[in-house]
Amino acid sequence: MHILGGAQTDFAVNWHRAGLGFDALIRDVLEAALTDAHLDATAIDVVHVGNAFGQLFTGQGHLGGMPATVHPDLWGIPASRHEAACASGSMAVLAAMADLESGRYDCALVLGAELEKTVPGGQAAAYMGAAAWAGHEAQDTDLVWPTQFAAIADEYDRRYGLDPVHLRVISELNITNARLNPYAQTRDWTYTDASFTTDDTANPPVTGVLRRQDCSQMTDGAAAVILVSDRFLRRHSEIRPTAVISGWGHRTVGLPLDEKFRVSAAEPYVFPHVRTAFLDALSRAGLADIHQLDGIEVHDCFSMSEYIAIDHLGLTAPGESWKAVESGMIGRDGSLPVNPGGGLIGIGHPVGATGVRMLLDAYKQVTGRAGDYQLPDVTRYGTVNIGGSTTTVASFVVETV
């Protein structure tokens, strides 16, 4: 499955404040992606849209119809919307890949989009609680996801021990990386030396061990990629693809976090299905382990979710993610850089766009197009995107052709 190009909006833009809605957001990223791929919209056979919370934040559903609404050449082109919380964008990618692999279509536009700044922050956090088991868990708080990931931190502490200092290091690393990224929400934000400490003013507590800088922010934004089949390339010999999706993984478990803990109680990993999804992607790419990658995008909706990823992906033994943090392994100059463009904490987390943005950054890295946040000598790159309390997990491996 070949990636021809793609685009991302500036995640620092507040589209609602500018008086703009999904039509403007999707038009912007759609046209930029077509330009980047040097394609006309008439080449698109199918469209897949990732979006998690459109109705809640804007009242707008049926977003599969928005690309044709804003671009006349997509009128009549089959399109659909996909929802899996924070993994919605990756579900759109997987659906597009299945379409192309089946032979139904040969050129797919995949885009993820979310508008989250239409309501105050507390209401936004409550809306996002819909991705948990509504009416069954985290019922006594509007801060559902900080509460859930603080509970994961507590479970890690119970099983292995956890020093919150390592979470602060992850947050600071991602925000520092984001300063190199011209699309990052936090690239111009101001921090002090106290911003990544236990200073209650500079880094206020949120819940449990999590503080403000441990949390990704509400974000507006969109990302898009254009995928094509081998058949498309045979018909268009003038097009020279530069990157391919060589592996993928996708696993889903039940919604309740406590049940996830119960199921994995005797396992070495807190979330075995996260590890399996990533191993599936590596296996399909013909790779033995994570060390055959040159870098990876992981889902740091909270610093704790990146901490989970470090050991589950095999950078360390279970419960020993702190070793990768302390050694510098995950830094831009480390042996396996993680989130060199800033991750969700630094770049921003427009929920439906995140999986597509990760894939786009993987594409940029392997093609040498990541600009100031480009890593040296990258030929193979991975992504791991989660939805909810790891209920949905998706992973991709992208390689240079």
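The values are calculated or read from the model by the stated rules, or taken from the named source; none is laboratory data. Please read these numbers as outputs of a predicted model, since none were measured by experiment. Methodologically, a virtual Cβ is constructed for each residue, glycine included, from the backbone with ideal geometry; neighbour enumeration extends over all protein chains shown. Areas reflect the complete protein model, heavy atoms only, side chains present, ligands, DNA and RNA absent. Shrake-Rupley method; radii C 1.70, N 1.55, O 1.52, S 1.80 Å.
A compact table of results
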| read-out | value |
| --- | --- |
| Whole-angstrom gap from region 75-132 to region 31-48, using each part's C-alpha centre | 17 |
| Dimensionless Rg over Rh [region 253-301; C-alpha; Kirkwood] | 1.04 |
| All-pairs alpha carbon distance profile, region 262-401, 5 Å steps from 0, percent | 2, 10, 21, 25, 22, 13, 4, 1, 0 |
| The chain - percent of accessible surface contributed by carbon and sulfur, probe 1.4 Å | 50 |
| Equivalent-ellipsoid semi-axes of region 22-73, from the Cα gyration tensor, Å, largest first | 22, 11, 9 |
| Region 56-145 - Rg (one decimal) and Dmax (whole number), Cα, Å | 16.2, 49 |
| Overall Cα dimensions of the chain - principal axes, largest extent first, Å | 57, 46, 40 |
| Surface per residue (accessible, 1.4 Å probe) for the chain, Å² | 37 |
| Size of electric dipole in region 255-401: Cβ of Lys, Arg +1 and of Asp, Glu -1, about Cα centre, debye, nearest 20 | 280 |
| Farthest positive-ward along region 13-143 dipole, Cα basis, beta-carbon charges - from Y105, L94, H48 | H48 |
| Computed magnitude of the charge dipole of region 209-340 (debye, nearest 20; Cβ of K, R +1, Cβ of D, E -1) | 460 |
| Cα-based equivalent ellipsoid of region 1-121: semi-axis lengths in Å, sorted from largest, via gyration tensor | 24, 16, 13 |
| Cβ-based net charge around G103, under 14 Å, with every Lys or Arg adding one and every Asp or Glu removing one | -1 |
| Virtual paramagnetic centre 7 Å along Cα→Cβ of D289, amide N under 19 Å, in region 307-321 | 308-321 |
| Per-bin percent of Cα-Cα distances, region 361-401 [5 Å] | 6, 25, 24, 15, 13, 10, 6 |
| For region 274-332, radius of gyration divided by Kirkwood radius, i.e. Rg to Rh on alpha-carbons | 0.94 |
| Rotationally averaged projected area of region 1-52 (alpha carbon convex hull; nm²) | 4.6 |
| Projected-area average for region 114-191 over all orientations - Cα convex hull basis, square nanometres | 7.2 |
| Cα radius of gyration and Dmax for region 186-244 (Å) | 22.1, 61 |
| Cα-derived Rg to Rh of region 143-257, Kirkwood definition | 1.12 |
| Rounded to 5, the percent of DSSP beta bridges in the chain classed as antiparallel | 70 |
